[in-house]
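Enquirer: Dropping a structure here in structure tokens format, bear with me for questions.
The values are calculated or read from the model by the stated rules, or taken from the named source; none is laboratory data. Keep in mind that this is a model prediction, so the values were computed, not measured. Positions of Cβ are backbone-derived with ideal geometry, glycine not excepted, and every protein chain shown enters the neighbour counts. All accessible areas refer to the heavy atoms of the entire protein, side chains included, with ligands and DNA or RNA removed. Shrake-Rupley method; radii C 1.70, N 1.55, O 1.52, S 1.80 Å.
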Amino acid sequence: MRIDAWIRGSLRRKLTLIYSVLFGGIILLVAGAVYSSIKFNAERTVERELVASVAAFDRLWSMSAQHMAASAEVLSADFGFREAVATEDIDTIASAAQNANARLDGLQVAVAFTDGRFVTAEGDAGELPETVYTALIEVERPSGVISLNGLHYQAVAVPVRAPSLVGWAIFWSDLDAGRMQTLEQMSAIPVTAEILPTADVPGTDESVFKTKDALGASKIISSFGDTQPVSLVITYPLKAAMAPYQPMLVAILLFSLAGAALLIVSGGFVARFLTRPINDLNASVQALAEGHRKPVDAPADDEFGSLARSFNTMLGDLEAREAAIVQISREDSETRLANRRAMNDDLRARMESDGERNLRVVVIRVMRFQHVRAAIGHAAAATALNVLAGRISDFMDGARPYRISSTDLGMILPANGNFSSKEALRRLVSACSQPATIGDASVDLLLCCGLAEPEAAPDAPIGPIDQAVVAADFAEKRQEPVVAFDLKDYGNPAATLSLMSEMLSALSEGGLALHYQPKYCLADDDVCGFEALIRWHHPVRGQIFPDSFIPIAEETGHIRQLTEWVVSQAIEDQQRLSREGFDLPISVNISGRQLNDESFALWAIGKVKSSGAKLCFEITETAVINDPEKALRIINLFRNTGIGISIDDYGAGLSSLSYLKQIPANELKIDKSFILAMTEGRSDQLMIQSTIDLAHAMGMSVVAEGVETEHVMALLKLMGADTAQGYFISRPQTLEATLEFLGAPREIRHQA
């Protein structure tokens, strides 16, 4: 678990962390302050000792230089020594130097000549280094450090005169490890002393400096002539400076750790004490969310106790309100009858109880209730429903009616009850379908009934109440008093919705296609146009016929998208035919819904005008029945734009001479059911002949659909029909096949 998630997960953890961090920080600050104070004091003590050690060395250095200078003066004043130097008597010089060495423990003596040679006490001769010789020439009595081959020496030189300058007596001592150890032993603290080039020393002269691991001080030592300056450097390790305080620091660390642990534990106890009332309140809130009532104990008089008491008061109010809300949610506000939710709950409870699994659900519908309510008002309509509910309850020995919708009353009946059969329900409908007096008005109550038998349709996708509502829909549609739910009649709405979704996908993905059936001019003996027929080859379901999806598209409102696609594709294909030399019109079927859709009409007119295509819209007479005025206005818009209008399926449904007169059509298509039967009897031929004569009298040409034989085609030509369409001429085919059909010689077309 991540740390931030762990912290966010609990107020108790947050409080524990806050207390621990706060007081732990204080302990760390105190411990840090103590440590810093100890370290500061230790460093100041070491610094003082270092400064004292440097001062002591400076005094010792001066005393040593004075001692060597005095000894050199004594030697250079000896007459015999001066004479030996003047005559360069090496043996005498060596003897005198040896005697001086013997008297001066730790010092060495040499004699330098004016030409740069020197002789030691052992009688060895050599050449002086250039820097030493230059110092002897330029300085009267040079004194200081000589650095040769990485070694350092304290040296003093005194001139030897006899009486003029004949040489120099040089006294020196080694600044070796022993000399440095002697200096270290003189310090009160265990320091380390060494001679370093001044350029390599971190600090300045006679000042204290600090490195990563030590404290130090330095003193520049005078050089013997113009040589590289060197310094005495004394250092003391920081670790050694803090060593005396180590036990104290360990004690402080242990105290800090113990304090931190104590703070964490105590912080946890404090956080637990503070969050316990909040946890209790949270548990009560969660119980409330799950539908349980769990009051909070409130023994204390502090803020938590006050909060708990307020919560308990709120809990009581919520319980009362919930009971009221549940009562309201199970009751119809207009009639005060139990509503659909109450019926659902009661049905579930009875089906789950032992012995009552086989039930019947009945829905009594007041037909044309919207008209009744509009006539007498909502309040009176609700009173009428109450009267009806009383009649039903009285007729069925106290059965409880539920108002499950504005027009429906529902009931739950035992399967073996006296009123559960269709015959008993017919008697109920008949007995209760009597006028009801509401105030001064007499209200007709026309009823029908839907019956659901759950065990008869165990695989139904809807519940028993919905089954009874669907059955009532069929009863109202069929004008029957009682209809039982039938799964076959209900169909599969989910599959219907899925089919529409797949159809929309096919529109965008090229899954639909238009096939074209020729319309044959009987007078010219040649093709004079085509009807566009939609085809859908589904990748899974195979060929889906238009009768299977066009009615569903009309019901679900997707017919607009489908029609727009057909019109657009027909325009594109008609232009292709025109480019190939066949400038023939294409007829497109238009749904009745589109004749009441002005936006579609404007879209179609704009599409046809901008393309210049030759289209004819085929409509049915029934398409203008819902809103004749609006439909006829839109048809006139089409006709005025140059779009042909054809009355399709004439004679198949409700044919009205009044609508036939009003529709500004230029073509009438006789339904194929008459054409297929015209050879079976004289009456059909007379009807076809009269229809042809009527259409011609009204200025319309006539198309006969369903022509499947040469004999029928010949009869139609004799009757005066203008155009024939059917399998005898050609089946519907793709655009490419249509182009091949048109390109073939006329006699071959007839053979096809």
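Enquirer: State yes or no: is Ile645 over 18 Å from Ser587 (Cβ atoms) and either at pLDDT 90 or above or open to solvent by 60 Å² or more (accessible area, probe 1.4 Å) (or both)?
Expert: no
Enquirer: On to the next question. Taking the criterion of being touching a residue at least 24 places away in the same chain (Cβ under 8 Å), more than 60 Å from the chain's Cα centre (by Cα) and buried (at least 16 other Cβ atoms within 10 Å of the Cβ), would at least one residue in region 737-748 satisfy it?
Expert: No: zero hits.
Enquirer: Right, here's the next one. Which residue pairs have Cβ atoms under 8 Å apart, sit 6 or more places apart or on different chains, and have a first residue in region 535-562 that is open to solvent by less than 60 Å² (accessible area, probe 1.4 Å) and modelled with pLDDT of 85 or more and a second that is among the small types (Gly, Ala, Ser) and part of a helix (DSSP H, G or I)?
Expert: Trp536/Ala506; His538/Ala506; Ile559/Ala553; Leu562/Ala553
Enquirer: Taking the condition of a type in the set (Val, Ile, Thr), without any contact (Cβ under 8 Å) to a residue 24 or more places away in the chain and within 20 Å of Ser164 (Cα to Cα), does Thr114 pass?
Expert: Against the criterion (of a type in the set (Val, Ile, Thr), without any contact (Cβ under 8 Å) to a residue 24 or more places away in the chain and within 20 Å of Ser164 (Cα to Cα)), Thr114 does not qualify.
Enquirer: Additional query: Restricting to region 355-377, count the residues that are over 21 Å from Asn344 (Cβ atoms) and under 49 Å from the mean Cα position of the chain (by Cα).
Expert: Adding up the residues that qualify gives 1.
Enquirer: Let me ask something additional. Among Arg341, Arg348, which is part of a helix (DSSP H, G or I), closer than 25 Å to Pro458 by Cβ, in contact with a Ser or Thr (Cβ under 8 Å, 6 or more places away or on another chain) and open to solvent by 80 Å² or more (accessible area, probe 1.4 Å)?
Expert: Criteria check complete, one pass: Arg341.
Enquirer: For the condition surrounded by 19 or more Cβ atoms within 10 Å (Cβ to Cβ), in contact with a Ser or Thr (Cβ under 8 Å, 6 or more places away or on another chain) and among the β-branched types (Val, Ile, Thr), what is the one hit in Ile670, Ile692, Ile729, Ile675?
Expert: After applying the criteria, what remains is Ile670.
Enquirer: Step by step: first the residues of region 613-642, then only those that are within 50 Å of the chain's Cα centre (by Cα) and surrounded by fewer than 20 Cβ atoms within 10 Å (Cβ to Cβ), then the one that is modelled with the lowest pLDDT. Which residue is that?
Expert: By that ranking, first place goes to Asn626.
Enquirer: Quick check: is even one residue across region 514-532 exposed (fewer than 13 other Cβ atoms within 10 Å of the Cβ), in a helix (DSSP H, G or I) and of a type outside the set (Asp, Glu)?
Expert: For region 514-532, residues exposed (fewer than 13 other Cβ atoms within 10 Å of the Cβ), in a helix (DSSP H, G or I) and of a type outside the set (Asp, Glu): absent.
Enquirer: Pull out all pairs, ordered by first then second residue, where Cβ-Cβ is under 8 Å, the residues are six or more apart or on different chains, the first lies in region 617-638 and is farther than 24 Å from Ala570 by Cβ, and the second is modelled with pLDDT of 80 or more and among the polar types (S, T, N, Q).
Expert: Asn626/Asn596; Asp627/Asn596; Pro628/Gln662; Lys630/Asn596
Enquirer: Could you grab me the full set of residues in region 577-595 that are closer than 26 Å to Val703 by Cα, in a helix (DSSP H, G or I), open to solvent by 40 Å² or more (accessible area, probe 1.4 Å) and not small (Gly, Ala, Ser)?
Expert: Correct list: Arg593 only.
Enquirer: Can you tell me which residue in region 414-445 is nearest to Leu388 (Cα to Cα), limited to those that are touching a strand residue (DSSP E or B) at 6+ places or on another chain (Cβ under 7 Å) and open to solvent by 60 Å² or more (accessible area, probe 1.4 Å)?
Expert: The qualifying residue nearest to Leu388 (Cα to Cα) is Pro435.
Enquirer: Shifting gears a bit: Mind counting the residues in region 69-124 that are surrounded by 13 or more Cβ atoms within 10 Å (Cβ to Cβ) and either part of a strand (DSSP E or B) or aromatic (Phe, Trp, Tyr) (or both)?
Expert: Of the residues in region 69-124, 11 are surrounded by 13 or more Cβ atoms within 10 Å (Cβ to Cβ) and either part of a strand (DSSP E or B) or aromatic (Phe, Trp, Tyr) (or both).
Enquirer: Any residue in region 69-88 that is of a type in the set (Asp, Glu) sitting within a Cβ distance under 9 Å of a residue that is open to solvent by 70 Å² or more (accessible area, probe 1.4 Å)? List the pairs, counting only those 6 or more apart or interchain.
Expert: Qualifying pairs under 9 Å: Glu88/Arg117.
Enquirer: Which of (1) over 19 Å from Asp526 (Cα atoms); (2) touching a residue at least 40 places away in the same chain (Cβ under 8 Å) does Gln725 not meet, given it meets every other one?
Expert: All conditions are met except number (1).
Enquirer: Of the conditions (1) part of a helix (DSSP H, G or I); (2) in contact (Cβ under 8 Å) with a residue 12 or more places away in the chain; (3) within 57 Å of the chain's Cα centre (by Cα); (4) under 24 Å from Val483 (Cβ atoms), Ala399 clears all except one; give me its number.
Expert: (1)
Enquirer: Collect the residues in region 125-135 that are surrounded by fewer than 19 Cβ atoms within 10 Å (Cβ to Cβ) and among the small types (Gly, Ala, Ser), keeping them in residue-number order.
Expert: Result: Ala125, Gly126.
Enquirer: Return the total of residues in region 154-184 being surrounded by fewer than 18 Cβ atoms within 10 Å (Cβ to Cβ) and aromatic (Phe, Trp, Tyr).
Expert: The number of residues fulfilling the criteria is 0.
Enquirer: Still on this model: Give just the number: which of (1) open to solvent by less than 50 Å² (accessible area, probe 1.4 Å); (2) in contact with an Asp or Glu (Cβ under 8 Å, 6 or more places away or on another chain); (3) not in a helix (DSSP H, G or I) does Phe600 not satisfy?
Expert: With (1) open to solvent by less than 50 Å² (accessible area, probe 1.4 Å); (2) in contact with an Asp or Glu (Cβ under 8 Å, 6 or more places away or on another chain); (3) not in a helix (DSSP H, G or I) applied to Phe600, the lone miss is (3).
Enquirer: Which is at negative phi and open to solvent by 30 Å² or more (accessible area, probe 1.4 Å), of Ser231, Ser222, Ser187?
Expert: None of the other options fit; the residue is Ser222.
Enquirer: Residue check, Gly651 against (1) touching a Phe, Trp or Tyr at 6+ places or on another chain (Cβ under 6 Å); (2) open to solvent by less than 20 Å² (accessible area, probe 1.4 Å), all met but one. Which one?
Expert: (2)
Enquirer: Among the residues of region 514-530, is any within 20 Å of Val702 (Cβ to Cβ) and free of Cβ contacts under 8 Å to residues at least 40 places away in the same chain?
Expert: There is at least one residue in region 514-530 that is within 20 Å of Val702 (Cβ to Cβ) and free of Cβ contacts under 8 Å to residues at least 40 places away in the same chain.
Enquirer: Right, something else. How many residues, within region 689-741, are part of a helix (DSSP H, G or I) and farther than 30 Å from Leu512 by Cβ?
Expert: 19
Enquirer: Restricting to region 428-468, count the residues that are under 9 Å from Val361 (Cβ atoms) and either β-branched (Val, Ile, Thr) or in a strand (DSSP E or B) (or both).
Expert: 4
Enquirer: A follow-up question, please. So Thr383 passes all but one of these: (1) open to solvent by less than 70 Å² (accessible area, probe 1.4 Å); (2) part of a helix (DSSP H, G or I); (3) among the hydroxyl-bearing types (Ser, Thr, Tyr); (4) within 22 Å of Ala475 (Cα to Cα). Which condition number does it fail?
Expert: Every listed condition holds for Thr383 apart from (4).
Enquirer: Phe474: on the phi < 0 side of the Ramachandran plot, hydrophobic (A, V, I, L, M, F, W, C), open to solvent by less than 50 Å² (accessible area, probe 1.4 Å) and assigned to a helix (DSSP H, G or I), yes or no?
Expert: In short, yes.
Enquirer: Right, here's the next one. Taking region 57-68 as the search range and keeping residues that are loosely packed, with under 14 Cβ neighbours inside 10 Å and among the polar types (S, T, N, Q), which one is nearest to Ala162 (Cα to Cα)?
Expert: Gln66
Enquirer: Cβ contacts < 6 Å: first residue within 14 Å of Gly410 (Cβ to Cβ), restricted to region 461-479; second residue assigned to a helix (DSSP H, G or I) and among the aromatic types (Phe, Trp, Tyr), any location; separation 6+ or different chain. Result?
Expert: Val470/Tyr490
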